[in-house]
1. Under a 5 Å amide H to amide H cut-off, with H placed in plane at 1.01 Å, what residues pair with T530 once short-range neighbours are removed?
2. Tell me, in nm to one decimal, what length is gained between E336 and I486 on full extension, where the rule is 0.36 nm per residue of separation less the Cα-Cα distance?
3. What part of the accessible area of the stretch 29-111, given as a whole %, is carbon or sulfur when the probe is 1.4 angstrom?
4. Quick one: what are the phi-derived ³J(HN,Hα) couplings along the stretch 109-126, Karplus 6.51/-1.76/1.60 with θ = phi - 60°, whole Hz, x for glycine and proline?
5. Whose amide H sits under 5 Å from the amide H of V57, counting only residues 5 or more places off or on another chain, with H placed in the peptide plane?
6. Restricting to the stretch 29-111, what percent of DSSP beta bridges are antiparallel, rounded to 5?
7. Show me, for the stretch 280-288, the HN-Hα J-couplings you get by feeding each phi into the Karplus relation (A = 6.51, B = -1.76, C = 1.60, θ = phi - 60°), rounded to Hz, glycine and proline as x.
8. Using Cα-Cα distances under 8 Å and only pairs 6 or more residues apart, what relative contact order does the stretch 29-111 have, in percent?
Amino acid sequence: MYNHKINVLRAIVLLFLLPFMSMAHGQEAETWRLNLKDADIRAFVTQVADITGYSFVVDPRVKGKVTVLSSAPMNKDEIYDLFLAVLNVHGFTAIPGAEVIKVVQQVDAKQSAEILERFPETPSEQLITRVIQIDNANALELVPILRPLVAKYGHLAGVAAANALIISDHSSNIQRIEQIVRELDSPSKYEVEVIQLQEAWVGDMVTLLQELAPDELGRAGGDNAARKYSVTADERSNRLILRGDETFREKMRGLIRQLDQPSATGGTTKVLRLKHADAKNLTEILKGVMGELVKEGAGSGGGGAAKPQSSFAVFADEGLNALVVRGEPSLMQEAEQIVAALDVRRAQVMIEAAIVEISDELGQDLGVQVAVGDESGESTPVAGTNFGNVGRSLGEVLSAILTGSAITPATGGITIGAGQRNENGVSWGVLLQALSTSAAANLLSTPSIITLDNQESEIIVGQNVPFRTGQSTVTGDGTTNPFTTIERRDIGLTLKVTPTISADGLVRLVVEQTTESVADSIENASDIVTNKREIKTTVLADDGETIVLGGLTRDDYQVNKSKVPLLGDIPFVGRLFSSESERRVKRNLLVFLRPKIMLGKEEAVAATSDKFNQLWDVNLNIREKLGIPTEEQRPTVDALFEDGSTRVQ
């Protein structure tokens, strides 16, 4: 009884839910049949819009009659795919956009972008554009093969840089072309093979093979050919490395067997013209380096680039600044690499120096001299004060008194003298001298010089002064045969510098700077006396940096006092019996240096123009002071080598 009630209840619930289940099943499996005969294509578009719910925009040029026969029911997606096929048959297509679908002629479709987000799966008849990447084959070579498979209103092009294809066609046709491309783009059986050369040099062999097989090795085959096939030189072991399929490698092996033959001369001779390096110096370097390589090759005993019988010779032609090199190809290759690395333009350095010397000299002299003499007796005075540290001496005073001549005043002050000689021959004289001297000098020398990197340079500015080295007035037998021997020596400013430029632009300077001058007359000196200041040092400086090499500060203070004992100590009166001389000399000497690196022609031209402009400014200033008209336009530095008014005068 209970089971019977349960079955009745189930039947009632099933009967209640049956209409809803039928409605849901009808919605999921809703289908349509299209049967049109000679219907207007616009009516066909309207019917498809009602079924699919899509919005269409129809090109005015889309016209015609269509016939569609459908025996099997189709869902919405199948209806839209049928719609595209019908349009395709009549020369039209549909391009989906963000909101609407445009129905246009097929010839205009590839200029429009399609948006396929509304479709869960791209319709097979939809016109789309795709990029197909090619991994192994050449994309440009596939274009003529695939072009007949693309619709005439479609598009097919190859991109060499990306090695890819661009296709505009129906989705189903693009899938077919992609399948064909995958079959054609299968990698070939590429292998790597190493071939040992016995006679020829790998560098020359690679060049010959590239000329004989340009299609395979990239000369005419493009980048893809160079990627598929390659011949690489292993210069260290004189071996060739081949990469490619069996056909390519077999072709290369045949060429190599014919070319790897002994040389008719047993070596190679080349003339290497040098641009910047010195042929003589470079010859010594090559002899040392290549001699070691020949020894290593002879000791290794075969198989490598240098064989036991290898030899190398190099000679320098200094007239042409060239090298004549002869040897095995492997050694020649090594020598050419060394020459290429060393034959480079050397940098230059312009070194500007400033030698500044400031001197200040002060002197004060004060003294009183008294003398009394008797002419009737000895000629020497019987009493007197003689102070040689101030002005005129006592002997000069007495000589003037005795002879009646005037005393020449001392330089730099005042001289007052008085004297008398009576009838008994007694003479007396008094001389008062007060002297004051001062001198100041400021010497500035700015020599500059340009030199090559690691090349010593020297500049000398001064005079060639004679120095007496020997003298004779009388020979041994008493006859007169005077002679004097002299030696000339440069006196002035000397700057000797050797710069070295580092990789980071730092300049190392080995400097030797000498300043020498002729001194004033010195008492009891038999020959010329010179003053000399010299600096020898090694410093580091950045490009364009000014540094001080060294300096000398000298301060001399001298006081010389002479007096008569006891009398000179009397206050006030003692000044009549004393003399005092005071000297003070101060000298400051500083040497500054500034290097400037000139790597190329532009820096050298700029430095030359700058110096010429400084020279021309001096010329203009002189002409203005003399009232001479100056030229309106400043000439170039080339005017120094031309005749005419443009020269600096």
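The values are calculated or read from the model by the stated rules, or taken from the named source; none is laboratory data. Predicted model only: the values in this text are computed from it and were never measured. For the accessible areas, the whole protein counts, side chains as well, though only heavy atoms, and no ligand, DNA or RNA atoms are used. Shrake-Rupley method; radii C 1.70, N 1.55, O 1.52, S 1.80 Å.
1. A519
2. Going from the current span to full extension adds 48.4 nm.
3. Values: 2210 of 4340 Å².
Whole-percent figure for carbon plus sulfur exposure: 51.
4. 6, 6, 8, 10, 8, 9, 10, 9, 5, 6, 9, x, 9, 4, x, 5, 9, 6
5. Under 5 Å from the amide H of V57 lie the amide H atoms of I101, K102, V103, each far enough along the sequence or on another chain.
6. 75
7. Computed from phi, the couplings for the stretch 280-288 are 5, 5, 5, 4, 5, 5, 5, 4, x Hz.
8. Reported as a whole number, the value is 35 percent.
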